[in-house]
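The values are calculated or read from the model by the stated rules, or taken from the named source; none is laboratory data. Just so we're clear, the structure is a prediction, and the values are computed from it rather than from any experiment. Here the Cβ is made from the backbone with ideal geometry for all residues, glycine too, and neighbour counts use every protein chain on show. These accessible areas exclude ligands, DNA and RNA; they are computed on the full protein's heavy atoms, side chains included. Shrake-Rupley method; radii C 1.70, N 1.55, O 1.52, S 1.80 Å.
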Amino acid sequence: TATVTATGDGTTYLGSVSTGFQILPVYCVTPDATGGKNGQAWTDGAGDEGPMTIDEAYGAYTNGGYGGCAILLKTGTYAPATRLWVRSTFVMSGGLAGVDNHTKSAPDAKSVLDGRGVVDLVNVERIPDADTAYFRGIEFRRAYSTALRKTDVKYGGVNYSGGVDVDGCRFADNA
């Protein structure tokens, strides 16, 4: 799979040739983000430039009508307020150093999604056949009952059986 990063209007996008070169918005997320930023940078800058919280990045994905996105996580622990429902091309890449969109903080670094025993973490559902959800460098920890679930369904007369690609992830202490 070839990956292309393009910039132009102040927004960074990630495209993957294997997904028909779908252009995805990219959000930088850090465990210590203060909130209210646009996710277009790893550190706070002028105006709204800076990292998002995990809930803000997921909100940008859902508010965009589940149109696809890439959420890049700096190494650390994240406790999402709700289960993350994935319904289109989606990339979650963790263990990053937070200096650019590719450098890992260590070769086997992970970013932890922590359900705290009260939240199911990720459900991939109604994802179109041509789409894939990618998870890289994530540790799924302490989910209430489900850490990562993929369901194929028929909804509105359409079969949804897109893919899930998990690489370099770990599952720990889940119910």
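Tabulated values for the structure
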read-out	value
Residue that is surrounded by the fewest Cβ atoms within 10 Å (Cβ to Cβ) [pool: residues in the range 120-145 that are in a loop (DSSP other than H, G, I, E, B) and in contact (Cβ under 8 Å) with a residue 40 or more places away in the chain]	Ala130
Residues being farther than 14 Å from Asp131 by Cα and either of a type in the set (Asp, Glu) or in a loop (DSSP other than H, G, I, E, B) (or both) - total across the range 146-175	10
Some residue of the range 96-103 being at pLDDT below 95, over 22 Å from Gln40 (Cα atoms), more than 14 Å from the chain's Cα centre (by Cα) and open to solvent by 60 Å² or more (accessible area, probe 1.4 Å)	no
Out of Thr77, Thr43, Thr89, sole residue that is modelled with pLDDT under 95, surrounded by 12 or more Cβ atoms within 10 Å (Cβ to Cβ), of a type in the set (Val, Ile, Thr) and farther than 29 Å from Tyr160 by Cβ	Thr43
Residues satisfying the stated conditions in the range 132-155, i.e. at pLDDT 95 or above and either among the charged types (D, E, K, R) or over 18 Å from the mean Cα position of the chain (by Cα) (or both)	Arg136, Glu139, Arg141, Arg142
Odd one out for Thr82, checked against (1) within 23 Å of Asp173 (Cα to Cα); (2) of a type in the set (Val, Ile, Thr); (3) within 12 Å of the chain's Cα centre (by Cα)	(3)
